[in-house]
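*Asks:* Before we start, here is the structure in question, set down as structure tokens.
The values are calculated or read from the model by the stated rules, or taken from the named source; none is laboratory data. This structure is a prediction, so every number in the text was calculated from the model and none was measured. Don't worry about glycine lacking a Cβ; one is built from the backbone with ideal geometry, like all the others, and counts go over all protein chains shown. These accessible areas exclude ligands, DNA and RNA; they are computed on the full protein's heavy atoms, side chains included. Shrake-Rupley method; radii C 1.70, N 1.55, O 1.52, S 1.80 Å.
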Amino acid sequence: MRKKILIIEDTPETIELLRRIVEKGGYEALIAKDGNKGLDYCFKYKPDLVLLDRLLPYVNGLQICRELKNYEDTKDIPIIFVSVLNSEKDIVEGLKAGADDYVGKPFSPDELLARIEAVLRRYEKH
């Protein structure tokens with residue numbers, strides 16, 4: 001069974017790029033275009049990993065990350081932020097909120113796929 005990666009992103013071009021990267025890696029891509037749907041999909045589908053934007057309608061990425069880490073059902077879902085907010089302060093905020101990794105936009109598709117694989121490997125060992 002293919003691993004499911006939930007993409008929580010609101011920009012159509014970025015959604016399409018992330019979907020292609022995820023599928024190229026052999027994963028199933030689930031898409032949520034706003035923060036509320038993203039939270040709902042996490043609880044409903046229990047993805048193997050979440051690619052999360054910081055700037056989203058309704059609920060922002062930091063809030064989503066903190067919320068997921070507070071619930072027993074979702075606390076072990078790995079999260080990688082993929083965001084245009086990529087100053088040192090932004091990255092530290094994201095990691096302190098519970099993210100496993102942080103990738104700034106623009107990003108290299110090959111590097112992002114390698115980071116996804118590395119995070120998933122770390123979780124398989126638990």
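*Asks:* For the stretch 1-74, state which GluC sites (Glu not before Pro) are in a DSSP loop and have at most 13 other beta carbons lying within 10 Å of their beta carbon.
*Replies:* Glu72
*Asks:* Over the chain, what is the percentage of antiparallel beta bridges among all DSSP beta bridges, to the nearest 5? Provide the component values of the computation, followed by the final result.
*Replies:* Values: 0 of 16 bridges.
Restricted to the chain, the bridges split so that about 0 percent are antiparallel.
*Asks:* About its Cα centre, how strong a charge dipole does the chain have in debye, to the nearest 20, once Lys and Arg get +1 and Asp and Glu get -1 at the Cβ? Don't jump to the answer; show the numbers that get you there.
*Replies:* Details: 21 positive and 23 negative charges, 53 e Å.
The dipole magnitude comes to about 260 debye.
*Asks:* Return the carbon/sulfur percentage of the accessible area of the chain, one whole number, probe 1.4 Å, all protein chains in place.
*Replies:* Answer for the chain: carbon and sulfur cover 49 percent of the accessible area.
*Asks:* Kindly sort Val92, Val82 by accessible area of their heavy atoms, largest first, with the probe set to 1.4 Å.
*Replies:* On the way: Val92 65, Val82 0 Å².
The residues order as Val92, Val82, largest area first.
*Asks:* Spin-label point model (7 Å from Cα, Cβ direction): what's the Lys24 to Lys105 distance in nm?
*Replies:* 1.8 nm
*Asks:* Hey, quick one: spin label on Asn70, modelled 7 Å out along Cα-Cβ, who in the stretch 35-50 has an amide N within reach, i.e. under 18 Å?
*Replies:* 35-44, by backbone N distance to the label point.
*Asks:* Identify which of the listed values of percent of Cα pairs over 21 Å apart was calculated from the structure shown: (1) 29; (2) 50; (3) 37.
*Replies:* (1)
*Asks:* Give the relative contact order (percent, whole number) for the chain; include only Cα pairs under 8 Å separated by 6+ residues.
*Replies:* Working: 204 pairs, mean separation 27.1, N = 126.
Normalised by residue count, the contact order of the chain is 22 percent.
*Asks:* Keeping every protein chain present and rolling a 1.4 Å probe, give me the accessible area per residue for the chain in Å².
*Replies:* Accessible surface, normalised per residue, equals 53 Å².
*Asks:* Something else about it: Could you list the chymotrypsin sites (Phe, Trp or Tyr not before Pro) in the stretch 19-58 that lie in coil according to DSSP, counting only those with at most 16 other Cβ atoms within 10 Å of their Cβ?
*Replies:* On the way: sites: Tyr27, Tyr41, Phe43, Tyr45, Tyr58; in loops: Tyr27, Tyr58.
Counting only loop positions with at most 16 other Cβ atoms within 10 Å, the chymotrypsin sites (Phe, Trp or Tyr not before Pro) in the stretch 19-58 are Tyr58.
*Asks:* OK, next. Below 8 Å, C-alpha to C-alpha, sequence gap of six or more: please give me the relative contact order for the stretch 12-86 in percent.
*Replies:* 29 percent
*Asks:* As a check on your grasp of the helix formula, calculate [θ] at 222 nm for the chain: sum -39500 (n - 2.57) over DSSP H runs of n ≥ 4, divide by the residue count, round to the nearest 500.
*Replies:* Calculated mean residue ellipticity at 222 nm is -14500 deg cm²/dmol.
*Asks:* Right, next: Pairs to check: Lys44/Lys105; Lys24/Lys89; Lys37/Lys96. Give those whose C-alpha atoms are more than 26 Å from each other in this structure.
*Replies:* In this structure, Lys44/Lys105; Lys24/Lys89 lie more than 26 Å apart at Cα.
*Asks:* Right, next: Keeping all protein chains in the complex and leaving out DNA, RNA and ligands, what accessible area do you get for Lys3 with a 1.4 Å probe, in Å² to the nearest 10?
*Replies:* 70 Å²
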